[in-house]
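The values are calculated or read from the model by the stated rules, or taken from the named source; none is laboratory data. In this text, all values refer to a predicted model and were calculated from it rather than measured experimentally. Quick reminder, even Gly has a Cβ in these numbers, built from the backbone with ideal geometry, and neighbours come from all protein chains shown.
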Amino acid sequence: MEGISINNAELVRLEIIQKIYNKVLTQSKAAQDLNLSVRQIKRLYKRFKSEGPRGLLSRKTGLAHHCLPDSVKIKVVEIIRDLYIDFGPTLAHEKLTENHGFNLSLWTVRNIMVENEIWCPYVIKKPVVHQMRSRRSKVGELVQIDGSPHDWFEGRSPKCTLLVFIDDATSAITEAEFVEAETTWNYMDLAKRYVLRHGRPLAFYSDKHSIFRINKTDALSGIGLTQFGRALKELEIQLICANSPQAKGRVERANRTLQDRLVKELRLHKICSIKEANAFLPSFIADYNVRFAKVSKDISNAHRSVPKEMDLDRIFILKETRYLSKNLTFQYNNKIYQIQTKRPTYALRKARVLVLVNKQKEISVEYNGKKLDYTIYEERPYQAEVVPYKLLNNRIDEFMSRHQRKPSKNHPWRRNYLKG
């Protein structure tokens, strides 16, 4: 045993093999103790008899590893420091392979850069534990709203979005509707339907989508509210934006459940269109609420009725202000409108008018609550449109369908096809 370095595991193995040699322990019992097969115990015992305790050591002990020579490491470090000091491991590996002929793996280059403090790996953030928030006690105190883009029809129809309204006190789905995408008009229509059916809640709780919140803090024009936010303000409904998806976890968990259960129900009922799915939703929501809705702590209802002076059709509409020029013109949506009036024109110069646009894109102009006649004076050149990222695919699909080229009736291809 002199001159042999042995670890604890090898020491235990030596003691058990010696017991076999002294006929104190059987080979099958030794295999159980060492968690090895009997065949392997026989091999170790044979090596012990021929070589002694040294035969139980690993054959790899003392052998040199296949390490990268220090000269290669030094050369790689010099090249990276001279030419690729601000490169990441992946890009540096590509350049070393393409431009310098090195045949190294990506992880070898990465380890060299980390060891020489050329590149620092990203620190993995510890998972943030979000504290659970207690439910609101009354129905109508807080309504969580969200849109869930998903392949709801599993390829039987284009992807669409499900708008969902969840009451925070009960987790019950109060309103839901399939739409092509999250837009201001779709949220307005569903909010209007909610108010007509349930009344005015105290608050809506949403994410930071541009429909609900103006994310450009240095905006100079406008009233500081989106069209949806302005409509809720007129209805005296507070709009609160969550700082993270976890903050509105009830509606997020509901969306996850719907993407599982509702998708399967649509498949079983062979529903393949938004219209059919919206017709099916009421029965599904009723069953969903029976299964998953909770009982509120307070049985009273926090919803408020809609006063007669609140005209929902006038509230859920696009409203923007414009200032008239000396010629009584203003610009809206890349068009110039000119006011037609019989009164002296100086009375309306630089006046602030209200532009109202309904869902059918019909425009009316008001000044001090009275409608003004107008004509479209000139159409302005097309300006680049700002499109939210959730609507980008829809806009591109719409553009492609509008500009698909079709051969004319007398096209040679069409004539040959008709002859055949």
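Remarks
- Restricting the first member to region 67-89 and to residues that are over 11 Å from Ile112 (Cα atoms), and the second to residues that are among the β-branched types (Val, Ile, Thr) and assigned to a helix (DSSP H, G or I), the beta-carbon pairs closer than 9 Å and six or more apart or on different chains are Phe87/Ile80.
- Subset of region 147-162 that is in contact with a Ser or Thr (Cβ under 6 Å, 6 or more places away or on another chain) and not hydrophobic (A, V, I, L, M, F, W, C) - its residue that is surrounded by the fewest Cβ atoms within 10 Å (Cβ to Cβ): Pro149
- Scan of region 341-370 for residues that are surrounded by fewer than 10 Cβ atoms within 10 Å (Cβ to Cβ) and over 44 Å from the mean Cα position of the chain (by Cα), ordered by number: Lys342, Arg343, Pro344, Tyr346, Lys370
- Selection count where residues are of a type in the set (Ser, Thr, Tyr) and within 33 Å of the chain's Cα centre (by Cα), scope region 292-326: 1
- First in region 264-275 and closer than 14 Å to Gly155 by Cβ, second anywhere and of a type outside the set (A, V, I, L, M, F, W, C), Cβ under 6 Å, 6 or more apart: Cys272/Arg156; Cys272/Ser157; Ser273/Ser157
- In this structure, Ser58 does not satisfy being surrounded by fewer than 17 Cβ atoms within 10 Å (Cβ to Cβ), within 37 Å of the chain's Cα centre (by Cα), among the small types (Gly, Ala, Ser) and modelled with pLDDT under 90.
- Residues that are modelled with pLDDT under 65 and in a helix (DSSP H, G or I) within region 358-411 comprise just one, Tyr389.
- Residues that are under 22 Å from the mean Cα position of the chain (by Cα), surrounded by 10 or more Cβ atoms within 10 Å (Cβ to Cβ) and not acidic (Asp, Glu), drawn from region 115-146: His130, Val143, Gln144, Ile145
- Among (1) at pLDDT 90 or above; (2) of a type outside the set (Lys, Arg); (3) in the same structural domain as Thr183 (by TED's automatic domain parsing) - the single one Ser305 does not satisfy: (3)
- Here Asn103 fulfils each of the conditions (1) modelled with pLDDT of 90 or more; (2) under 17 Å from Asn116 (Cα atoms); (3) of a type outside the set (Asp, Glu) apart from (2).
- Of residues in region 252-304 being part of a loop (DSSP other than H, G, I, E, B) and in contact with a Phe, Trp or Tyr (Cβ under 9 Å, 6 or more places away or on another chain), the one surrounded by the most Cβ atoms within 10 Å (Cβ to Cβ): Ile271
- Evaluated against (1) among the polar types (S, T, N, Q); (2) in contact (Cβ under 8 Å) with a residue 24 or more places away in the chain; (3) part of a loop (DSSP other than H, G, I, E, B), Asn327 falls short on exactly one condition, (2).
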